[in-house]
Amino acid sequence: MLDPRLIRQDTTAVAANLARRGYTLDTGTLETLESRRKDVQVRTEQLRSERNARSKAIGKAKAAGEDIQPLIDEVGRLGEALDTAEAELAAVQAELDALLMDLPNLLHDAVPEGADENANVELRRHGVPREFDFEPLDHVAIGEAFGQLDMEAASRLTGARFAVMRGELASLHRALVQFMLDLHVREHGYEEVYVPYIAHRHSLEGTGQLPKFADDVFALEGEHDWFLIPTAEVPLTNLVRERIVDADELPLRFVAHTPCFRAEAGSHGRDTRGMIRQHQFEKVELVHIVRPDESDAALEALTGHAEEVLRRLELPYRVVSLCGGDIGFAAERTFDIEVWLPGQQRYREISSCSQCGDFQARRMRARWRNPDTGRPELVHTLNGSGVAAGRALIAVLENGQQADGRVALPAALQPYLDGRTHIGG
């Protein structure tokens, strides 16, 4: 959530920043609601003051032997008027809050200008895409040749955009997760966290998935207002919700392996083949909670940790800075890591590393105590995939495929697969 005071004090600058995303701030509605709120708030405070003054007068009149009934009646009328004013103030504030909850984050000054992904700026590349002396297959064809990737069975079990993996393929998927967790915990210093795969509405509001993106999450039926998590970012970031973190606790670095559940609303017809875009997938998620002055450096560190996964897996990739029109709702700046997929002959996103500033913290009321001032201030939050297990599996299969039908395994994974150098064939 944006700072309401900033919006009130510099509406023009806020509107100009949001316009870089292609978002048009409804300044007319905002100003009308703010004017109503001020008027009702003044009236409410006046009524409360008058009621309190009349209540005190009752005691004095009674002590003087005067008739207090007129005062009692007036206090009653003022009380009813105050109740009405307070209800009106709550209603106006709810409208303002709904408008504020719909506003995306302000963009970092370093975000490139542009309307869509075509304006994203490449920052760096690592590795060179392999040249094959045969026609490379995509991961679906490789998995089906192994007899270990069964999209048809998944469709019978559940429906489209699910997968069944068996044998060596399932083991490779598990090995990737374990490798990534070990790397981030042992070498990058993250604290591993096990979290619920179900979150309530307040948690998803805190990180920005709700209320704007309700169509993208799976709601559970029943008495609880529960949802399947779309990413471990939700529970991990909410670990500091409604807390004041001591300065010496920061920075916090969390890592978790969870399934992720996404409705993929609006993706009809996109990536319908294979495991690129699914309703259920697994991911190793990284979350940083930092002081504001450490936020920029934390984004570079977070991105570097995700990149190290791909370097260890010997996969070619590039890093791009997302432009204003392509950046996510809660992010002020995002670096996407895109891995090379020979089966598609293109780079595809495998990790999105986002700096959110105090946007999520304000929604969560997550603060730290600044030792210089002694006062609570909002923390900054960052998150990124470290990395998506399914897409990592796709990349290992496609980049490691051999002419004889086998897949060569990167050295980093071999200890997790009983020392095997290849699978399949």
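Reported to two decimal places, what Rg/Rh ratio describes segment 75-156 when computed on Cα atoms with Rh from the Kirkwood expression?
Taking Rg over the Kirkwood Rh, I get 1.42.
If we count every other residue with Cβ under 13 angstrom of Asp296's Cβ, Lys/Arg +1 and Asp/Glu -1, where does the sum land?
-3
Compute, for Lys60, the solvent-accessible surface of its heavy atoms (probe 1.4 Å) with the complete set of protein chains present, and express it in square angstrom to the nearest 10.
My reading of the accessible area for Lys60 is about 150 Å².
How much net charge surrounds Asn17 when only other residues with a Cβ under 11 Å from its Cβ are counted (Lys, Arg +1; Asp, Glu -1)?
Once positives and negatives cancel, what remains is -1.
For Trp226, list long-range residues whose amide hydrogen, built 1.01 Å from N in the peptide plane, is under 5 Å from its own amide hydrogen.
Leu220
How high is the FRET efficiency from Thr12 to Gln178, r the C-beta distance, R0 41 Å, rounded to 0.05?
Calculated transfer efficiency: 0.20.
Report the FRET efficiency, 1/(1 + (r/R0)^6), for Val121 and Glu187, where r is their Cβ-Cβ distance and R0 is 45 Å, rounded to 0.05.
0.95
What is the Cα radius of gyration of segment 1-96 over 2.2 N^0.38 Å, N being its residue count?
Normalised Cα radius of gyration, segment 1-96: 1.65.
Based on Cα coordinates alone, diagonalise the gyration tensor for segment 89-132, multiply each eigenvalue by 5, take square roots, and list the semi-axes in whole Å, largest first.
Semi-axes (√(5λ), whole Å): 43, 12, 9.
Helix-only mean residue ellipticity at 222 nm, the chain, DSSP H runs n ≥ 4 weighted -39,500 (n - 2.57), per residue, nearest 500. What is it?
-12500 deg cm²/dmol
Hey, got a sec? Which GluC sites (Glu not before Pro) in segment 188-238 land in a DSSP loop and have at most 14 other Cβ atoms within 10 Å?
Glu221, Glu223
Hey, which aspartates and glutamates would be in cross-link range of Lys212, C-alpha to C-alpha under 12 Å, not counting anything within fewer than 8 residues on its own chain?
List returned: Asp102.
I need the phi-derived Karplus couplings for segment 145-155: 6.51 cos²θ - 1.76 cosθ + 1.60, θ = phi - 60°, integer Hz, Gly and Pro marked x.
Values per residue, Gly and Pro as x: 5, 6, x, 10, 10, 10, 6, 5, 4, 4, 5 Hz.
Divide the volume of the convex hull of the Cα atoms of segment 228-321 by its number of residues and quote the answer in cubic angstrom per residue.
It comes to 152 Å³ per residue, whole-number rounded.
Of Glu294, Glu264, Glu74, which has the largest mean-square fluctuation in a 10 Å C-alpha GNM of the chain?
Ranking Glu294, Glu264, Glu74 by mean-square fluctuation puts Glu74 first.
Which value, in Å² rounded to 10, gives the accessible area of Ile198 with a 1.4 Å probe and all protein chains present?
We get 70 Å² for Ile198.
Using 16 Å as the cut-off for backbone N distance, which residues of segment 168-205 belong to the label zone defined by a point 7 Å from the Cα of Met101 along Cα→Cβ?
Taking a point 7 Å out along Cα→Cβ of Met101, the residues of segment 168-205 whose backbone N falls under 16 Å are 200-205.
Provide, as a two-decimal number, the C-alpha radius of gyration of segment 119-222 over 2.2 N^0.38 Å, N being how many residues it has.
1.51
Mind checking the log10 I(q)/I(0) for the chain at q = 0.08, 0.10 Å⁻¹? Debye, one equal scatterer per Cα, no solvent, two decimals.
Reported log10 I(q)/I(0), two decimals: -0.54, -0.77.
Using a probe radius of 1.4 Å on heavy atoms only, what accessible surface per residue do you get for the chain? Whole Å² is fine.
48 Å²
The values are calculated or read from the model by the stated rules, or taken from the named source; none is laboratory data. These figures come from a predicted structure and were not determined experimentally. With ideal geometry, Cβ positions are generated from the backbone for all residues, glycine too; neighbour counts draw on all protein chains shown. For the accessible areas, the whole protein counts, side chains as well, though only heavy atoms, and no ligand, DNA or RNA atoms are used. Shrake-Rupley method; radii C 1.70, N 1.55, O 1.52, S 1.80 Å.
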